[in-house]
Amino acid sequence: MARLIPGALGTVIGRVGNMVFYELNGQIIGRRIGVVDKFSDAQLGNQMEFGLATLLLNPVQKFIRAGFRTTPKKAGHTFHSVAFSLNKKNAMSGKYPDIAIDFSRVVFSMGSLPLPVSAEVKLADNRLQFSWDPNLENEENDPSDQVMLVAYFPTTFQALTVQNGSPRTAAKHDILLPSFKKKMVIETYMAFISEDRERVSSSIYLGQIIWDKQ
């Protein structure tokens with residue numbers, strides 16, 4: 001059943017007869033409904049990549065909103081569509097049915113600020129301790145820039161994120177981890193954002209941390 005969205009003449013969303021209408025990147029798309037007896041491996045692979053990219057980005061919506069807000073976009077595209085397209089294209093590895101996310105190639109922000117320098121992370125008890133070189137010799141870096149962090153848990157598709165972290169000059173920021181009951185894999189990322197939120201660096205991958213206190 002279709003529904004009418006208010007507008008100058010109204011916009012139909014949903015199914016009408018053998019056509020289905022939906023919104024994509026600010027446009028209304030109509031497709032004929034047909035019966036597909038068999039999908040090719042390429043089609044199944046594309047569907048699997050689509051699903052994995054969706055799962056990947058669901059828990060980091062606030063982060064990618066800041067991380068891709070100023071990234072150049074085509075007309076009608078959003079921060080989410082840019083992040084989705086980038087990661088679906090570059091962060092998937094393998095062929096159907098063995099497609100997986102390559103977390104070393106995941107990007108959660110993209111911008112013109114210089115990348116973090118000498119960044120690293122280590123596990124100390126129940127904390128992830130992130131550190132970096134402020135690199136204030138680079139005139140493009142400002143002392144008031146703030147660190148952005150992601151601790152991603154791939155086995156559960158959940159994440160802890162920091163969008164307004166310590167200033168660049170602090171050179172460190174901790175993330176307190178929850179009390180896990182079993183071994184946990186954590187993928188880690190860092191970026192910087194200007195205080196006025198108008199500039200951001202691309203994110204960098206800091207590596208995988210294994211939490212196992214059993």
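The values are calculated or read from the model by the stated rules, or taken from the named source; none is laboratory data. Here the structure is a predicted model, which means the values were calculated and not measured. Cβ placement follows ideal geometry from the backbone for every residue including glycine, while neighbour counts extend to all protein chains displayed.
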Which residue is surrounded by the fewest Cβ atoms within 10 Å (Cβ to Cβ), if the candidates are limited to region 63-77 and must be in a loop (DSSP other than H, G, I, E, B) and either aliphatic (A, V, I, L, M) or at pLDDT 95 or above (or both)? Ala75
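Suppose we filter Val107, Val60, Val36, Val82 for residues that are assigned to a loop (DSSP other than H, G, I, E, B) and at pLDDT 95 or above; which single one remains?
Values: Val60 fails: assigned to a loop (DSSP other than H, G, I, E, B); Val36 fails: at pLDDT 95 or above; Val82 fails: assigned to a loop (DSSP other than H, G, I, E, B).
When all the criteria are applied, what remains is Val107.
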Does region 71-107 hold any residues that are in contact with a Gly (Cβ under 6 Å, 6 or more places away or on another chain) and farther than 26 Å from Ala42 by Cα, and which are they? Gly76
Among the numbered criteria (1) assigned to a strand (DSSP E or B); (2) under 12 Å from Leu113 (Cβ atoms); (3) touching a residue at least 60 places away in the same chain (Cβ under 8 Å), which single criterion is violated by Val147? (3)
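Take the residues in region 162-203 that are of a type outside the set (Val, Ile, Thr) and part of a helix (DSSP H, G or I), then tell me which one is nearest to Gln129 (Cα to Cα). Before the answer, list the steps.
Pass one, region 162-203, residues of a type outside the set (Val, Ile, Thr): 163-168, 170-174, 176-184, 187, 189-192, 194-199, 201-203.
This time we only want the ones that are part of a helix (DSSP H, G or I), so: 168, 170.
Working: Arg168: 15, Ala170: 13 Å.
Checking each candidate, the answer is Ala170.
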Identify all residues within region 131-151 that are within 22 Å of Glu187 (Cβ to Cβ) and out of contact with any Pro (no Cβ under 9 Å at 6 or more places or on another chain); write none if there are none. Ser131, Met148, Leu149, Val150, Ala151
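On the given criteria, is Val121 part of a strand (DSSP E or B) and over 27 Å from Lys183 (Cβ atoms)? Working first, answer last.
Values: part of a strand (DSSP E or B): yes; over 27 Å from Lys183 (Cβ atoms): no.
In short, no.
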Being closer than 21 Å to Val200 by Cα and of a type in the set (D, E, K, R) is the filter here; which residues of region 49-96 pass it? Lys62, Arg65, Arg69, Lys73, Lys74
Only one of these is basic (Lys, Arg) and at pLDDT below 95: Lys183, Lys172. Name it. Lys183
Being of a type outside the set (Lys, Arg) and either outside the structural domain of Gly207 (by TED's automatic domain parsing) or without any contact (Cβ under 8 Å) to a residue 40 or more places away in the chain (or both) is true for just one of Ser131, Ser118. Which residue is that? Ser118
